[in-house]
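Report on one structure; see the data block that follows.
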DNA sequence: TTAAACTTTCAATAATTACTGAAAGTTTAA
DNA sequence: TTAAACTTTCAGTAATTATTGAAAGTTTAA
């Protein structure tokens, strides 16, 4: 496998994974391209490499910036803007986890808490609703907390938690 | 919030979360409905409750069964088939993690390994491709392994790993 | 066997989501 | 200022994905 084959394989695989996880293909592919690019790229560069339109490129770059994993850079003396990816894999993971938690998981946890706290009325179906949504609430809340802690590299927390587990 | 409101809120929230994570709405909603149902439901029951067609119901129930989180049940003396959800939240998480890992993560890890192992040719762009995909490979591989271990409740592994971390 | 009761399949269609390209907007050098 | 160089927006269109419903398939009781 030569450079071009490897690059294309990486970009298309990353795009496909994105699609499977609810991220649009162009957005994932732009991210992949910037992730492996040694230098920042202009909009033209991206459009040309991925064969996508100016509008599409602009919209998805904005989203990537909203996610905090792509940054605008200006080269001195040039009018054009360049775009660069966050390059540190830990920071990438941290940022993605943080945003998915904030936008998608936390709101669901809130609903699960509300729903699981309705008053029981003695019927079986209400009991079951409460029991099952409560279980989901506890799982989601724990997983969310743990993920955020791990990804925030709060090693003190991790160590403390582990100590408790072992004792 | 009464029972019906809570039920509807849970089902629609679960459906919306599914959509965000690349799972179709009907599939997520059928799962939600069975998750809180005290007894197995027939196809008719599901169609009626969620206002979806027979074909849609049948196809999505099959997918849920493929994921290993919904099961067919037959009541003695009845021709009709009934469907029930896995009810244990740990087992649900275990199963979903296992399937997403197998179907989606493992194949991507394989590609990342291949791509990150191409021969360097001394150019900057090839070095960057190798470095960045290798970093992603290591992150994904570690995360996948850890998730599977945690979710498989391999507490021995967890304890050992934690001991190492603390020392 | 057969026919009623039920489930699955799949071609057609609807709904959703993504993408384009040109017009409008913005920035900056002169 | 203004006009060139660039980016953003968004209405229209394309592509993808989900859904329907009826025909085909399956199962079982008699």
Restricting the stretch A:59-74 to residues that are surrounded by fewer than 18 Cβ atoms within 10 Å (Cβ to Cβ) and closer than 14 Å to residue A:25 by Cα, the residue that is farthest from DNA strand C (Cβ to nearest atom) = A:63
Could you look through the stretch B:21-46, keep only residues that are surrounded by fewer than 17 Cβ atoms within 10 Å (Cβ to Cβ) and within 12 Å of DNA strand C (Cβ to nearest atom), and pick out the one that is farthest from the other protein chains (Cβ to nearest Cβ)?
-> B:43
Among the residues listed as B:131, B:156, B:160, B:149, the single one being modelled with pLDDT of 80 or more and at the interface with another protein chain (Cβ under 9 Å from one of its Cβ atoms) = B:131
Is it true that residue B:23 is under 13 Å from the mean Cα position of the chain (by Cα), outside any helix (DSSP H, G or I) and not assigned by TED's automatic domain parsing to the domain that holds residue B:144?
-> yes
Residue that is farthest from the other protein chains (Cβ to nearest Cβ) [pool: residues in the stretch A:7-20 that are closer than 20 Å to residue B:129 by Cβ and within 13 Å of DNA strand D (Cβ to nearest atom)] | A:15
In the stretch B:26-62, what residues are away from DNA strand D (no atom under 14 Å from the Cβ) and either assigned to a helix (DSSP H, G or I) or assigned by TED's automatic domain parsing to the domain that holds residue B:96 (or both)?
-> B:34, B:35, B:45
Do the conditions hold for residue B:104, that is, is it more than 7 Å from chain A (Cβ to nearest Cβ) and either surrounded by 15 or more Cβ atoms within 10 Å (Cβ to Cβ) or assigned to a helix (DSSP H, G or I) (or both)?
-> no
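The values are calculated or read from the model by the stated rules, or taken from the named source; none is laboratory data. As the structure is a computational prediction, the values presented were derived from the model and not from experiment. When we count neighbours, we look across all protein chains shown, and the Cβ atoms used for this are built from the backbone with ideal geometry, even at glycine.
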